[in-house]
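Have a look at the structure below before the remarks.
Each value in this text was obtained by applying a stated rule to the coordinates, not by laboratory testing. Being a predicted model, the structure only gives us computed values, none of them experimental. Methodologically, a virtual Cβ is constructed for each residue, glycine included, from the backbone with ideal geometry; neighbour enumeration extends over all protein chains shown.
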Amino acid sequence: MALLLHLSDVDENRWAERLGEKLGDYPIVRRGDAYDPADIRYIFVWKPKDDAFDGLDNLKAVLSLGAGVDALMRHPRLPEGVPIVRFVDDELSQCMSDYVVAHVTMHHRLYTRYRAAQAAREWTQLYPPPAWDINVGVMGLGVLGQDALKRLRPLGFNLLGWSRSPKPIEGVKGFAGPDQFDSFLSQTDILVNLLPLTPETQGILNYETFGKLRRGVLDGGPAIVNPARGGHQVEADIVAALGDGTLGAASLDVFAVEPLPKVSPLWSIENCYITPHIAAISNPETGVNYFSKVLLDHEAGKPLVNVVDVAKGY
Ligand code: NAP
Ligand code: GLV
């Protein structure tokens, strides 16, 4: 029995070291070590290569370093019937909510307009409405969407939420399913996307969606904040909508191609705020506590937690 680490594009050494400290006698192996694939009970993955699961015939669980499992769902040789545990963590939620609160408040207070006025040395007094007049709509009411709403609430915003199934949340006007999507959009001034990327949500941030947002409350037009996945957004539509005023501003942490290519027009749009997929990064310090507990609890006969519903894709 052993845990296999298969982490690409992150510091695997650091995770291996910390997991070694936490897991005690439980054996950990890495790609390149000599091991029998039949001995692997758990695999800890981020951006697994195509051959990652080959020969792992006795897997009990796949542990996903990411909260989002869309790339894993598209893996060409993902083993069938093996549960996938995704990362759910207070620090990750807090960091995501920090990002959301920062960008929502920035758009509410018309940051782009004042920055432009400052650059032009112009004394232009605009009057952003009070937070209670601003409707913030969060798409996706899972772990991160609910945390973001909880942190936005004390700031006074009017809160709306949209999910696949109804989710009654105190202080939040709820909408569910495709039938209520347009009604949700028509009441939203700042749209925050915290959906998982699935075939249903691919490209949901498009020109038609932007055109349905509420106008007339935020000076310059409604704003979007997307820290979920690049596949949710149609980037050419964002460029067009920011250009013609359908959108007043956009905050984007994720992109269809990452790193965002230097040739992307998004880089140079004044009312587009780009961050390099850093809204909420899995932290080894808290991550090892979570994943070692998942593994040791499961070895002790307890059920796995935060298991992905493969049929739904999240
Ligand atoms: P989650 O707990 O699985 O929540 C997903 C929510 O989306 C649920 O409320 C679900 O509805 C809703 N949903 C799914 N499909 C839908 C559809 N077709 N229509 C309407 N609602 C739908 O996910 P999470 O942990 O909050 O994470 C959300 C995403 O954040 C991740 O998938 C990942 O892509 C992204 N993320 C980004 C970063 C970053 O650094 N940028 C970091 C972490 C995560 P139900 O409640 O009805 O199931
Ligand atoms: C990061 O994007 C994650 O899914 O955790």
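For the reader, a short list of remarks on this structure follows.
- Relative packing of 153-159, 22-28, 92-98, which averages over residues the other C-beta atoms within 10 Å, highest first: 92-98, 153-159, 22-28
- The chain - percent relative contact order, Cα under 8 Å, separation 6 or more: 17 percent
- Net charge of the neighbourhood of Ala38, taken over other residues with C-beta under 14 Å away and scored Lys/Arg +1, Asp/Glu -1, is -2.
- Each peptide in 61-69, 194-202 receives the mean, over its residues, of other Cβ atoms within 10 Å, and ordering these scores from highest gives 61-69, 194-202.
- Put in order of Cβ neighbour count within 10 Å, fewest first, the listed residues Tyr111, Tyr35, Tyr42 become Tyr35, Tyr111, Tyr42.
- Relative protection proxy for 237-250, 118-131, from highest mean packing down: 237-250, 118-131 (other beta-carbon atoms within 10 angstrom).
- Proximal lysine pairs, the chain, alpha carbons under 17 Å, eight or more residues apart or interchain: 7
- This ranking places Asp253, Asp11 by how few other beta-carbon atoms lie within 10 Å of each, fewest first, which gives Asp11, Asp253.
- Part-to-part distance (alpha-carbon centres) for region 120-172 and region 219-281, which is given in Å: 19 Å
- The length gained by stretching the chain between Lys262 and Glu17 to full extension, at 0.36 nm per residue less their Cα-Cα distance, is 84.7 nm.
- If the segment from Asp297 to Gln94 were pulled out straight at 0.36 nm per residue, it would be longer than the present Cα-Cα gap by 70.6 nm.
- Inter-probe distance in nm under a simple model that places probes 7 Å from Cα toward Cβ, at Tyr207 and Arg30: 4.9 nm
- Glu17, Glu285 arranged by Cβ crowding within 10 Å, fewest neighbours leading: Glu285, Glu17
- In this rough spin-label picture, where each label sits 7 Å from Cα along the Cβ direction, the Glu122-Asn289 distance is 5.0 nm.
- Among Leu266, Ser97, Thr112 the positive-end extreme of the charge dipole of region 90-274 (Cβ point charges): Thr112
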